[in-house]
Every structure is written in C-alpha cells, then in structure tokens.
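Please treat every number below as a calculation from the coordinates, not as lab data. The structure displayed is predicted, hence computed values, not measured ones. All Cβ positions, glycine included, derive from the backbone under ideal geometry; neighbour counts span all protein chains shown.
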Ligand SMILES: O=P(O)(O)OC[C@H]1O[C@](O)(CO)[C@@H](O)[C@@H]1O
C-alpha cells in the first residue's frame, strides 16, 4: 500500500479522481470496458465531484458497483446510499450500467443478485473510505477477513451508527438502521486498484491504526496494507495522529 498526504480534502479528491480516471481509461483501452466500485459518505464528496469532471473517459464502457447500503431505508431517505450515488455519480455520467444495492427490498435476494454480478467480472478500480471505527465498507470491527462471499448482511456497531448521526445523515441513533449490506473484505481485495480516500480529523485515530498498528480484524482497513494496488490518500487533518517519524516517510502532493 502506498500513502499520499494532501493539504485539503479537495486536493485528496482531485488526486484520487485523476488516478482512478487514468486506470479506467487504461482498462477500456485494454479490455474494451471497465468495472468500478463506488463508495459513499462524506469522504467521497470531493472524490466524486472531481471524478465526474474528468475528461476523456468513455463512460458508456464503464460498469459501476455499489459498495454498501443500509437495510430498511428507501432511496428517498436523506441517508440512502442509492440516493447519494444517483445524485452525485450515476445521473452525472452516461454509464454502461450501475448495479445498485436496494435498501428497501428483500436483502437476501439483493445480496444474491449483486454477488452473481460482481463475481462474474474482474473489477479494475474501487473507491473506498474508512470509518471512524476503522471500518472498510460496512465491515465493522471485528471484520470477517476470511469469507469470500462477495456481499454480506452485517450488523452495524454503536460507533459506526453514532458516526452517521454525527455526520448529520440521521436525526438520532434510533433512526440509524441496525443492519446493512456490505461488500466483503475479500471481494474488495480482488480489485486491481483500490483508492482509499480519508479526509478529516475525525478519522485521524483510524488512519494512524490502519497505517501503523497490527493488521487485524479489529482495524478492518489495516488489511489494505497487504494489497499492493492500494493507495491511501489522506489530508493533513486525517494524518494528524500519525507519528512524526512515519509521517516523514510519506509522499506529499500539493
Ligand atoms: O465517508 P464516510 O462517511 O466517512 O465513511 C467511510 C466509509 O464508510 C461507508 O460510508 C459506510 O459507512 C463507506 O461507504 C465509506 O467508504
């Protein structure tokens, strides 16, 4: 895993979008089409706004996959990841296809259909973030590092649900669903290039543990250190708890 430190969330988003865009162009050139996993949340605001502005991507050859979704809310809910992705990505570019995870239909059937689709291809690029509890997609700690089912139905932990209230997606903890559909860790790791974008001081402890602690299910994102095609892109605020001697070794992009 390579780590890049940027000054602002916008710099982080621009770096991620420019590199992901080049990977998509390369995949289209080589294979005639490209496959992309897209995440949501505050960490992806800048990534997606820069990505949809990239030139020269033949989006009609790009197929998208949805990383995770709450169970029990429809796409009209302000916290719906389907609604977020439609507004910020799918409606902005003319994709070949986008495979949503629906939050308000039979979750077992949604998982079955999404798993069949994603397992039939090799994904070129994944855009992901890290939660305040170190989660990767909705794989809260302790995460399942072993199962190779592409999508899982997972229970959300207290810290994860509190983060969603803190970010303003829900009015209170009681409103946050207790379960979600998440792409599994093993499926994420099958992607050729992973861009993990993490802005904000709220994520500083999770970033420090991801980079400097043991690789453990207790810090789900730490598994990314085993994936040679991963780039972790963090802003100065998210980097603020990394020990200075480690920080000095990281590449800065201004
Ligand atoms: O972007 P956020 O809200 O900080 O969350 C980080 C990660 O957590 C999820 O939003 C799930 O909460 C992922 O989709 C995202 O990659």
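Restricted to Cα atoms, the stretch 69-142 shows a radius of gyration and a Dmax of 13.4, 38 angstrom. P(r) for the stretch 159-243: what percent of alpha-carbon pairs falls in each 10 Å bin, starting at zero? Result returned by the calculation: 16, 39, 37, 8.
Relative contact order, whole percent, for the chain stands at 27, derived from Cα pairs under 8 Å and 6 or more residues apart.
Ordering of 228-235, 207-214, 106-113, 244-251 by packing is 228-235, 207-214, 106-113, 244-251, highest average first (other Cβ atoms within 10 Å, averaged per residue). Relative intensity of the stretch 83-188 on a log10 scale, I(q)/I(0) at q = 0.16, 0.17, 0.20 Å⁻¹, equals -0.83, -0.94, -1.28, per a Debye sum over C-alpha point scatterers of equal strength in the absence of solvent.
Relative intensity of the chain on a log10 scale, I(q)/I(0) at q = 0.16, 0.17, 0.18 Å⁻¹, equals -1.21, -1.39, -1.58, per a Debye sum over C-alpha point scatterers of equal strength in the absence of solvent. Give the order of 59, 169 when sorted by the count of other beta carbons within 10 angstrom, beginning with the fewest. Final ranking by Cβ density, sparse to dense: 59, 169. Applying D = kT/(6 pi eta Rh) to the stretch 1-145, where Rh is the Kirkwood radius over alpha-carbon pairs, T corresponds to 25 °C and eta to 0.890 mPa s, the Stokes-Einstein value obtained is 153 µm²/s. Counting only DSSP beta bridges with both residues in the chain, the antiparallel share comes to about 25 percent. In this entry, the stretch 31-96 is assigned a mean projected area of 4.7 nm², taken as a quarter of its C-alpha convex hull surface.
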